[in-house]
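Q: Pasting a structure here, questions to come.
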Amino acid sequence: MRPHRVPVAVLVSLSLLSLGTAQRPASPLPERMADTGGGTQLITAVAARTGSTTGTVTWWDRKGGRWVAAGSAKARFGANGLTEGRTRKQGTDTTPTGLYGLPYAFGIEAAPSGTRSPYRRVRQNSWWCQDNGSRVYNRWTEPRAADCRASQAEHLITYRTQYAHALVVDFNYRRPVRGRGAGIFLHVNGRGATAGCVSVPKSAMREILRWASPARAPHLAIGTTGGRTAITRY
């Protein structure tokens, strides 16, 4: 078929239109999300795909009707990547995607100066129960509850690097579903990928603790850049 000749004026108009589209800045990530938790602070943890073990954590402030990035750091996820939080299974070493509250912080070390979140110091008898048969499943227990087996719990003080500082993530926390998972935190990096938590460098974790204000209802959104677990869906 003989090619159709397009008038020069039309080509110029189309080129200008394309140029204007290309130069238009993308809106901040929180403004493209389905839900940000209703507060004026948000942490996003984004991986390229569900199989990723690394990504980026960014913390945001809502100012003047717009979301503005307050800081960012490289992040680590579960050793087996990420999975939909509503169907996650315990023991899979996957990070649950979704939007979650941040009930309180804890740490082996003292809270950074300026920390406003409730902060619980880890002691020698501090444990986090992951025993599905325990009445304190997915809870801090001090001392370890009699019905929570040591083999099914984390002795928090033994994770001196990771739990120097941490924020509890409200995954399967308020109304725990047995077998879905326990002990999901935002914490300091260890040697590599996590068992399902999100981790960042210690300097970033300390900065996040100084930044977070319970009065501003901060939430943590975890997801991928696209697909069924895209962060914009939560």
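Q: Charges at C-beta only: +1 for Lys and Arg, -1 for Asp and Glu. How large is the resulting dipole of region 123-222 about its Cα centre, in Debye rounded to 20? Let's see the in-between values first.
A: On the way: 15 positive and 6 negative charges, 16 e Å.
That gives region 123-222 a dipole magnitude of about 80 debye.
Q: Rounded to the nearest 0.05, what FRET efficiency do A150 and R86 give with R0 = 45 Å and r taken as the Cβ-Cβ distance? Could you check?
A: Details: r = 30 Å, r/R0 = 0.66.
Efficiency for this residue pair is about 0.90.
Q: Here is a further query. If you take the charge dipole of the chain about its Cα centre, with +1 on Lys and Arg Cβ and -1 on Asp and Glu Cβ, which of G226, T40, T50 is farthest toward its positive end?
A: G226
Q: For the chain, give the magnitude of the charge dipole about the Cα centre (Cβ charges: +1 Lys/Arg, -1 Asp/Glu; no others), in debye to the nearest 20. Mind showing how you got there, number by number?
A: Working: 33 positive and 12 negative charges, 52 e Å.
The calculation lands at about 240 debye.
Q: If packing is taken as the mean number of other Cβ atoms within 10 Å per residue, what is the order of 115-126, 177-188, 219-230, 135-146, highest first?
A: Numbers: 115-126: 15.6, 177-188: 21.7, 219-230: 19.5, 135-146: 17.2.
So the peptides 115-126, 177-188, 219-230, 135-146, ranked by packing, come out 177-188, 219-230, 135-146, 115-126.
Q: Okay, moving on. Taking a virtual spin label 7 Å from the Cα of A70 along the C-beta vector, which residues in region 192-234 bring their backbone nitrogen under 19 Å of it?
A: 199-222
Q: Taking a probe of 1.4 Å, how large is the accessible area per residue of the chain, in Å²? Before the final figure, lay out each step's value.
A: Values: 12030 Å² over 234 residues.
That works out to 51 Å² per residue.
Q: Would you pull out the residues with amide H under 5 Å of S213's amide H, same chain only if 5 or more places away, H placed 1.01 Å from N?
A: It is none; the list stays empty.
Q: I've got another one for you. What 222 nm value per residue comes from the helices of the chain, counting each DSSP H run with n ≥ 4 as -39,500 (n - 2.57) and dividing by all residues, nearest 500 deg cm²/dmol? The partial results should precede the final answer.
A: Details: 2 runs with 26 residues, N = 234.
Helix contribution divided over all residues of the chain: -3500 deg cm²/dmol.
Q: Let me ask another. Would you mind telling me the share, in percent, of accessible area of the chain contributed by carbon and sulfur at probe 1.4 angstrom? Present the calculation step by step, with values, prior to reporting the outcome.
A: On the way: 6090 of 12030 Å².
Roughly 51 percent, rounded to a whole number.
Q: Just to confirm my understanding: which cysteines in the chain have no other cysteine beta carbon less than 4.7 Å from their beta carbon?
A: Here C197 come out as lacking a disulfide-compatible partner, given the Cβ-Cβ threshold of under 4.7 Å.
Q: With everything on Cα atoms, drop me the angle between helix 8-23 and the longest principal axis of the chain, reported from 0 to 90° to the nearest 10.
A: So the inclination is approximately 20 degrees.
Q: So for the chain, averaging the separation of alpha carbon pairs under 8 Å that are six or more residues apart and normalising by length, what relative contact order in percent results? Walk me through the numbers on the way to the answer.
A: Values: 532 pairs, mean separation 61.6, N = 234.
Relative contact order comes out at 26 percent.
Q: Could you derive backbone 3J(HN,Hα) for region 80-97 from the dihedral phi with the Karplus parameters 6.51, -1.76 and 1.60 (θ = phi - 60°), listing whole Hz in sequence and x where the residue is Gly or Pro?
A: Each residue of region 80-97 in turn: 10, x, 10, 8, 4, x, 5, 10, 5, 10, 5, x, 8, 6, 10, 8, x, 7 Hz.
Q: With +1 on each Lys and Arg Cβ and -1 on each Asp and Glu Cβ, how big is the dipole of region 54-113 about its Cα centre, in debye rounded to the nearest 20? Provide the component values of the computation, followed by the final result.
A: Values: 8 positive and 4 negative charges, 48 e Å.
Computed charge dipole of region 54-113: roughly 220 debye.
Q: Here's something else I'd like to know. Taking amide H positions as placed 1.01 Å from N in the peptide plane, with prolines and chain starts having none, which residues 5 or more places from W67, or on another chain, fall under 5 Å of its amide H?
A: Residues meeting the amide H criterion: none.
Q: Along the charge dipole of region 71-184, which of L102, Y119, A166 sits closest to the positive end, that is, farthest toward it, with unit charges on the beta carbon of Lys, Arg, Asp and Glu (+1, +1, -1, -1)?
A: Comparing the listed Cα positions along the dipole, L102 ranks first.
The values are calculated or read from the model by the stated rules, or taken from the named source; none is laboratory data. These numbers were taken from a predicted model, which means no experiment stands behind them. Neighbour counts are summed over all protein chains in view; Cβ atoms, including those assigned to glycine, are modelled from backbone coordinates with ideal geometry. Accessible surface areas use protein heavy atoms only, side chains included; no ligands, DNA or RNA. Shrake-Rupley method; radii C 1.70, N 1.55, O 1.52, S 1.80 Å.
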